[in-house]
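Take a look at the structure below.
The values are calculated or read from the model by the stated rules, or taken from the named source; none is laboratory data. Owing to the predicted nature of the structure, the values given are computational and were not obtained by experimental measurement. Heads up, the Cβs are rebuilt from the backbone with ideal geometry, glycines too, and the neighbour counts pull from every protein chain shown. The area values use the complete protein model at the heavy-atom level, side chains included, leaving out ligands, DNA and RNA. Shrake-Rupley method; radii C 1.70, N 1.55, O 1.52, S 1.80 Å.
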Amino acid sequence: MSDGIFCVLLPTDMKKLVFLSAVALLMLTACGHKTTGGENADTLSVDTVVTDSVATNLDSLKHTQEYILQRIDTIYKYKDNSRFCSQRYLALDAEASQLSDELDELYIDSDHWIVGQDIDPQWHYRVEKIVAVSDSIATVELVVHNFSDQKVVLDLLYERGDWYVDDFHNFYQEDGVTCEMKEKDEIRRFIQNCKKQKENK
């Protein structure tokens, strides 16, 4: 096994069971004491400090490599920009789409989830490694197989209580040299060119 490659020894179902068990345990610790008030009416009071502690522990759990792997599984199961891309990515995408419609300019010619226009019946992906996990940012290196193996790097952003794809890095060969393309840079370039066209009209 090469250095730096993160491997999960638990099957997917076991990973989910471990995660759900941890969440259930955290929620059980949030129960406060029963208090009696009014006419024998019982109410359940939850200690704010305990609740904050549960939220903090759950947040910490979501920053583990095991959880991020599960999140990637969910993201690639649905391949849905609106559900799994960051708010700032979606804002750029919406602006580019609007300009594309206004100027009748081609904006998207391939699918960044499958890495191509057509999908191989044998399409699949695997996570090579997860690096640079911080409070708000993580980087995931993948190999996506769509007729051939292609390296993809995802920038993840932690917002709204979970991880969202903030950028897609794709790689291609040009004159024997491996080049990197960051999708958000390409979107910004498209927006800039469209705005210049509008100014020149």
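Give me the percent of accessible area attributable to carbon and sulfur for the stretch 69-201, probe 1.4 angstrom. Mind showing how you got there, number by number?
Details: 3370 of 7540 Å².
Accessible surface attributable to carbon and sulfur in the stretch 69-201 totals 45 percent.
Would you please put 172-185, 88-101, 145-158 in order of how densely packed they are, using the mean number of other Cβ atoms within 10 angstrom per residue and starting with the highest?
On the way: 172-185: 10.4, 88-101: 15.2, 145-158: 17.4.
Taking the mean over residues of other Cβ atoms within 10 Å, the ranking is 145-158, 88-101, 172-185.
Given a cut-off of 31 Å, name the pairs among LYS62/LYS151; LYS62/LYS182; LYS79/LYS201; LYS129/LYS195; LYS62/LYS184 whose C-alpha atoms lie farther apart than that in the structure shown.
On the way: LYS62/LYS151 25 Å; LYS62/LYS182 26 Å; LYS79/LYS201 37 Å; LYS129/LYS195 38 Å; LYS62/LYS184 25 Å.
Listed pairs above 31 Å: LYS79/LYS201; LYS129/LYS195.
How long is the gain from VAL143 to THR74 if the chain were fully straight, where each residue apart is worth 0.36 nm and the alpha carbon distance is subtracted?
On the way: separation 69, 0.36 × 69 = 24.84 nm, distance 1.64 nm.
Taking VAL143 through THR74 to full extension adds about 23.2 nm, to one decimal.
Using 7 Å Cα-to-Cβ label points, what is the LYS201/THR64 separation (nm, one decimal)?
5.4
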